[in-house]
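Rule-based calculations on the coordinates, nothing more; no lab input. The structure displayed is predicted, hence computed values, not measured ones. Cβ: placed from backbone, ideal geometry, glycine included. Neighbour counts: every protein chain shown.
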Amino acid sequence: MVDFLFYLFALITVLGAGAVVLSRNPVNAAMLLIVSFMGTASLFVTLGAYFLAAVQVAVYAGAVIVLFLFIIMLLNVDAAEQFRPDYVTFAGGLIAAALMILGTLKLFERGENFTLLTLQELDPVGVSTQSFGMELFTTYMLPFQVAGILLLIAMLGVVFISKRDKETRKDAA
Amino acid sequence: MNNFIDYKLIELGQWTVGLFNDYPVVQILVHLLLATLPLTLVFMGAFGFSTWLERKGLARIQNRLGPNRVGIFGLLQPLADGIKMLLKEDIVPDRSDKLFHFLAPVMLMVPAFIAVGFLPLGDGLMALPMDSAILFFFAVGSLNTIAVFMAGWSSRNKYSLLGGMRAVAQMISYEIPLVLSAVAVIMFSGSLNAQEIVASQQIQSWLASGNLVKEFFGQILGWHIFKPWGFAGFIFFFVAALAEANRSPFDLPEADSEIIAGHLTEYSGFKYAIFFMAEYISAFAIAGIATTLFLGGWSGPVIAGLPWFIIKMFSLFAVMIWIRGTLPRLRVDQLMGYAWKFLLPLAILNIFVAGFYYFAEQQFGSLAAFIGGWVIGFGILQTAAKGLSRLNKSPTLDGKRVYQLVE
């Protein structure tokens with residue numbers, strides 16, 4: 001039963017993600033991304049990590065996608081539809097994909113018995129919210145902080161870019 | 001404790017499940033149906049009744065009679081409306097995105113019903129008893145936005161799209177104060193479990209004392225709304241909840257006087273009815289979670305449990321109707337400014353007040369913390385609110401007005 005559910009949700013996740021890449025219309029792509037995120041959340045549920053599943057739905061499906069949609073709407077949808085990737089974008093995507101595959105391979109290398117059954121037998125970190133918080137704020141404090149700083153950098157970048165835009169517009173006027 | 005109605009219901013459920021002991025597969029199905037079917041039917045019935053209540057209430061406020069033709073006091077009006085909606089033609093715009101146009105009402109209804117499952121209706125009466133139920137509730141609630149946007153975007157109508165955009169902007173803004181005001185409660189109770197949050201609002205030592213008077217008040221006085229941060233938090237939560245549920249005065253996505261009906265413009269027949277139902281059920285759900293977080297959930301004197309929860313939830317819904325009949329709709333910029341410049345800072349400050357209150361209670365005892373909290377904590381919140389509203393005041397126009405086109 002669990003095996004069947006795993007394959008079902010994995011299929012949903014992968015198909016959703018594939019459809020995002022192949023979809024020409026950015027709004028459709030954003031909607032399909034929700035399907036993929038929901039698949040991931042379901043996978044978390046099958047692993048017993050309810051907290052992670054809830055956060056996945058709230059943050060990604062609820063907030064991130066909504067912001068994506070907002071930005072797509074503020075930009076021109078037609079222009080985005082005619083967008084053809086140039087070499088730089090293509091190379092960037094290639095590098096990102098290569099890193100992703102490398103990381104996944106490394107993950108498999110570290111846990112030799114990295115199958116469904118043993119994952120459930122492992123000490124389930126994500127099972128209760130409390131144990132999840134304890135782990136996050138003790139063992140994984142450094143990665144947590146690094147991720148926070150990464151987000152802060154993104155925010156500063158946005159502020160910087162929008163500020164610069166304003167100045168150039170003032171110059172043009 | 002007198003939760004006998006809850007316990008009888010649970011016993012009834014267990015007895016029904018026990019009937020199918022010999023058929024394990026059927027038993028699982030029966031178990032699932034018992035958890036979901038009553039909830040669905042009851043809330044759908046409540047939807048019908050509350051449309052009647054809303055129309056009657058609004059009519060009373062506006063000095064009219066309201067529905068009065070079908071049944072006694074027009075009570076069968078929802079039924080008549082439902083049949084009418086079923087028989088109407090379902091019009092789908094020619095240029096619309098057919099798939100998303102069809103999916104939008106479904107996408108709105110499913111999270112609404114799931115959210116209802118996270119409500120602790122009584123002691124042990126919860127369709128989806130989970131450790132992090134409150135978090136799941138907010139997670140599921142945030143999916144509403146996507147559905148409304150889907151409806152607005154797929155209709156290929158300018159008014160629909162405007163409505164969808166407004167919904168996105170509004171919901172993403174108000175979700176933050178909504179969750180932050182709930183954080184104070186979660187922090188104070190130390191749990192995301194809805195049942196434990198309810199338990200934290202009962203004075204357990206009074207309940208166990210055997211003294212009737214103490215038992216009576218132990219079920220009431222522990223509610224978070226009687227604490228300074230709880231009172232403030234409840235107001236922030238309720239205001240944000242009105243915006244989340246698309247209720248007046250925050251019903252900008254469907255502002256009929258400006259953009260026809262927003263995202264609902266191109267929907268007709270039963271899909272339109274489904275939109276309405278989903279909106280009402282999310283309103284019930286959010287009233288229910290406000291009850292759980294601030295009004296003591298199912299705890300109450302004499303007949304604790306389901307009856308009290310229903311009473312509180314529908315009282316909050318009645319307040320929503322009352323507000324709809326009283327307040328005019330906000331402007332878009334006012335709406336956004338109110339969320340980001342007023343509610344959000346106050347909700348963050350409220351978390352600090354709640355934290356100090358928690359430690360004051362441990363240090364100086366409940367009574368001292370209660371008095372001190374209301375004087376100091378609420379004073380701080382009050383001052384902050386005054387200061388913020390002064391800061392946010394738009395500059396007043398002094399001097400003579402200049403009409404550029406006239407001169």
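What the table shows:
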| item | result |
| --- | --- |
| Partner chain coverage, peptide A:45-54 - average Cβ within 10 angstrom | 3 |
| Local electrostatic count at residue B:102 - Lys and Arg +1, Asp and Glu -1, tallied over other residues with Cβ under 11 Å | 0 |
| 3J(HN,Hα) from dihedral phi, segment B:205-216, Karplus parametrisation 6.51/-1.76/1.60, rounded to Hz, x for glycine, proline | 5, 6, 5, 7, 6, x, 7, 4, 5, 5, 5, 4 |
| Computed E for residue A:152/residue B:84 - FRET, C-beta separation, R0 60 angstrom, nearest 0.05 | 0.65 |
| Fewest-first sequence of A:21, B:168 by Cβ atoms within 10 Å of each Cβ | A:21, B:168 |
| Shielding score for B:138-150, defined as the mean number of other chain Cβ atoms within 10 Å | 5 |
| Estimated distance in nm for a label pair at residue B:326 and residue A:98, the labels positioned 7 Å out from Cα along Cα-to-Cβ | 6.5 |
| For peptides A:150-156, B:48-54, sequence by mean Cβ density within 10 Å, most packed first | B:48-54, A:150-156 |
| Convex hull volume of chain B per residue (C-alpha atoms, cubic angstrom) | 194 |
| Cα-derived Rg over Rh, computed across segment B:11-73 with Rh taken as Kirkwood radius | 1.34 |
| Whole-number percent relative contact order across chain B, with pairs defined as alpha carbons under 8 Å at least 6 apart | 21 |
| Rh (Kirkwood; distinct C-alpha pairs) - segment B:194-343, Å | 17.2 |
| Karplus 3J(HN,Hα) series, Hz, for segment B:137-142 with 6.51 cos²θ - 1.76 cosθ + 1.60 (x for Gly, Pro) | 4, 5, 4, 5, x, 6 |
| Dipole of the protein assembly as shown, positive direction: furthest Cα of B:340, B:326, B:289, with charges on the beta-carbon | B:326 |
| Label-zone membership for segment B:280-310, site residue B:374, 7 angstrom Cα→C-beta point, backbone N under 19 Å | B:294-296 |
| Three-way shape call for segment B:158-254 based on the alpha-carbon gyration tensor, with the a/c threshold at 1.5 | prolate |
| Cα-projected label distance for residue B:404 with residue B:42, points at 7 Å along beta-carbon direction, nm | 6.0 |
| Gyration tensor (alpha-carbon) shape descriptor, the protein assembly as shown, a/c threshold 1.5 | rounded |
| Inter-chain shielding of A:34-40 (mean C-beta neighbours from other protein chains, 10 Å cut-off) | 1 |
| Cα-based shape type of segment B:1-158, given that a ≥ b ≥ c are square roots of the gyration tensor eigenvalues and the cut on a/c is 1.5 | oblate |
| Environment charge of residue B:387, counting only residues whose C-beta is closer than 15 Å and scoring Lys/Arg +1, Asp/Glu -1 | +4 |
| Estimated translational D of segment B:257-404 in µm²/s (Stokes, Kirkwood radius over Cα pairs; 4 °C; 1.567 mPa s) | 65 |
| Per-residue HN-Hα couplings for segment A:34-48 [Karplus 6.51, -1.76, 1.60; θ = phi - 60°; Hz; x = Gly/Pro] | 4, 4, 5, 5, 5, x, 4, 4, 5, 4, 4, 5, 4, 7, x |
| Order by protection proxy (mean Cβ within 10 Å, highest first), peptides B:7-19, B:366-378 | B:366-378, B:7-19 |
| Contour minus Cα-Cα distance for residue B:68 and residue B:366 (0.36 nm per residue) | 102.1 nm |
| Residue-averaged [θ]222 nm for chain B, counting only DSSP H segments that reach four residues, each worth -39500 (n - 2.57) | -21500 deg cm²/dmol |
